[in-house]
């Protein structure tokens, strides 16, 4: 039997940051920003549509790693009720760096969390959160499989 022809070795990227095709980078960022838009609209089902059902989350509200939707829902349900803590008025993701490694993507970005002022003449400073997200490509797009939130300035 003749030997199989050898395949050329693909070039190894210089450095650890491959970047990605513009369409992939835009699609990954759309998942992240879409998730936050759904969250601010109070639409948990739509928020969850961006997350793999078994996603792990280092949520800023707890020191425990939430493994899967059931544990994440426990974290969400344990958050202060309206009137018990400052209410979020908006989330803005910005300064993103995204790299795509085949069917995995790594996104690093900042999240600004704005709050309603406790009184008309009061100012409530925003929280600044450093985030890292890992996404995997599926047959229909990208899903977040891990999210790590790291509060740098509490609001």
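Rundown of residues vs (1) surrounded by fewer than 11 Cβ atoms within 10 Å (Cβ to Cβ); (2) within 26 Å of residue 27 (Cβ to Cβ); (3) at pLDDT 95 or above; (4) under 14 Å from the mean Cα position of the chain (by Cα), yes/no style:
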| position | (1), (2), (3), (4) |
| --- | --- |
| 94 | yes, yes, yes, yes |
| 105 | no, yes, yes, yes |
| 110 | no, yes, yes, yes |
| 115 | no, no, no, no |
| 120 | yes, no, no, no |
| 130 | no, yes, yes, yes |
| 137 | no, yes, yes, no |
| 142 | no, yes, yes, yes |
| 145 | no, yes, yes, yes |
*asked:* Just checking, does region 95-107 include any residue being free of Cβ contacts under 8 Å to residues at least 24 places away in the same chain and closer than 22 Å to residue 154 by Cβ?
replied: yes
*How do the pairs read when you match residues in region 28-45 that are without any contact (Cβ under 8 Å) to a residue 24 or more places away in the chain with residues anywhere that are surrounded by 17 or more Cβ atoms within 10 Å (Cβ to Cβ) and in a helix (DSSP H, G or I), using Cβ under 8 Å and keeping only pairs 6 or more apart or on different chains?*
38/47
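Matching residues to (1) surrounded by fewer than 17 Cβ atoms within 10 Å (Cβ to Cβ); (2) modelled with pLDDT under 95; (3) under 14 Å from residue 96 (Cα atoms):
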site	(1), (2), (3)
6	yes, yes, no
11	yes, yes, no
21	yes, yes, no
26	yes, no, yes
31	no, no, yes
47	no, no, no
*Please find, within region 65-92, the residue that is nearest to residue 26 (Cα to Cα) out of those that are at pLDDT below 95 and part of a loop (DSSP other than H, G, I, E, B).*
87
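The values are calculated or read from the model by the stated rules, or taken from the named source; none is laboratory data. Everything numeric in this text was worked out from a predicted model, so none of it was measured. FYI the Cβ positions are ideal-geometry reconstructions off the backbone, even for glycines, and counts take in every protein chain you see.
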